[in-house]
């Protein structure tokens, strides 16, 4: 109990310190919810890294044995590596990256099938930096809108922003910029997807989308990739094995 409390206090202090540095050195700000999310994720990642490996394996096996897939539900297992979707389904990983050097926000989206085979990828860039929570919400919105236009369904949308997933699943009324984007995500999702879901995953399980998002901060426009981009080729191959 004492060790867990010390971990939480330490990560909160670290997140506040990082928030202060963003203001002083990067002229950027984060919401208090984003600062708290950073702290929660750090504690969760530490606990996951120190938990027996069999726990993640057992959780994934339990999920794989469950035949039902509910729309707009989040799986409770937290895997430490990318997991194949069930047969007949797609997995869409999403991430946002922020570059103070180039003053850009990048979004990476990657779609793979149940064999782990690359299907499509898309990158979106904004010529300015947005708050972290807004950037992550824009990532989900970009993915949902793009795949709805391409008439995909049976998609597991995955992001490592728990704040985004919790807001998407909560249906609470939020008039902020973040809340407005999430509300639009819900509207698109309910209109175009009948057998899909939005899930939270650890950052280790979202490495491909993270690499894409970092790469796109160097680009000037959106790109749709029909072949595997060089920046994620080795990651995808390793995750298939």
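Residues in region 143-159 that are in contact with a strand residue (DSSP E or B) (Cβ under 9 Å, 6 or more places away or on another chain) and either surrounded by fewer than 20 Cβ atoms within 10 Å (Cβ to Cβ) or under 18 Å from residue 107 (Cα atoms) (or both): 143, 144, 146, 147, 150, 152, 153, 154, 156, 157, 158, 159. Report yes if residue 225 is surrounded by fewer than 21 Cβ atoms within 10 Å (Cβ to Cβ) and either within 23 Å of residue 90 (Cα to Cα) or in contact (Cβ under 8 Å) with a residue 12 or more places away in the chain (or both), otherwise no. Answer is yes for this residue.
Is there a residue being closer than 27 Å to residue 86 by Cα, in contact with a helix residue (DSSP H, G or I) (Cβ under 7 Å, 6 or more places away or on another chain) and outside any strand (DSSP E or B) anywhere in region 98-106?
So far as region 98-106 goes, no, none of its residues is closer than 27 Å to residue 86 by Cα, in contact with a helix residue (DSSP H, G or I) (Cβ under 7 Å, 6 or more places away or on another chain) and outside any strand (DSSP E or B).
Scanning region 160-192 for residues that are in contact with a strand residue (DSSP E or B) (Cβ under 9 Å, 6 or more places away or on another chain) and under 23 Å from residue 222 (Cβ atoms) yields 160, 161, 164, 168, 185, 189. Residue under question is residue 84, and the condition is that it be out of contact with any strand residue (DSSP E or B) (no Cβ under 7 Å at 6 or more places or on another chain), assigned by TED's automatic domain parsing to the domain that holds residue 153 and modelled with pLDDT under 95; does it hold? Spelling it out, it is not the case that residue 84 is out of contact with any strand residue (DSSP E or B) (no Cβ under 7 Å at 6 or more places or on another chain), assigned by TED's automatic domain parsing to the domain that holds residue 153 and modelled with pLDDT under 95. Of the helices (runs of 4 or more DSSP H) lying entirely inside region 150-241, the ones with 3 or more residues being farther than 20 Å from residue 119 by Cα and in the same structural domain as residue 115 (by TED's automatic domain parsing) are found at 162-170, 177-192. Of all the listed residues (72, 102), the sole one being at pLDDT below 90 and more than 22 Å from residue 166 (Cα to Cα) is 102.
The values are calculated or read from the model by the stated rules, or taken from the named source; none is laboratory data. Owing to the predicted nature of the structure, the values given are computational and were not obtained by experimental measurement. Neighbour counts run over all protein chains shown; Cβ positions are idealised from the backbone, glycine included.
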